[in-house]
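For reference, the structure is listed below as structure tokens.
Here, each number is a calculation from the coordinates, and none is a lab measurement. Because the structure is a prediction, the values reported are computed rather than measured. Here the Cβ is made from the backbone with ideal geometry for all residues, glycine too, and neighbour counts use every protein chain on show.
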């Protein structure tokens, strides 16, 4: 069993929705919690959101920051 306090305006919205949907306030709160937890599982971290951009940019070479000297030397040699 759960008991909670909510602001008056939120309670009024809950009562109105309860009447419109012909459901109890408890049922609406339960459904809301189920939806909240479903969406919570779907939240992605900042890393997940940017993962496709890490390590590569335009060139497609993922180790440029580590082997930059090697790539500069290769580029200079190819210009001779």
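Going by the structure shown, is residue 1 without any contact (Cβ under 8 Å) to a residue 60 or more places away in the chain and loosely packed, with under 10 Cβ neighbours inside 10 Å?
In short, yes.
Whether any residue in the range 53-69 is over 29 Å from the mean Cα position of the chain (by Cα), surrounded by 10 or more Cβ atoms within 10 Å (Cβ to Cβ) and part of a helix (DSSP H, G or I) is what I want to check.
yes
In the range 4-44, how many are surrounded by 10 or more Cβ atoms within 10 Å (Cβ to Cβ), over 28 Å from the mean Cα position of the chain (by Cα) and not in a helix (DSSP H, G or I)?
Of the residues in that region, 2 qualify.
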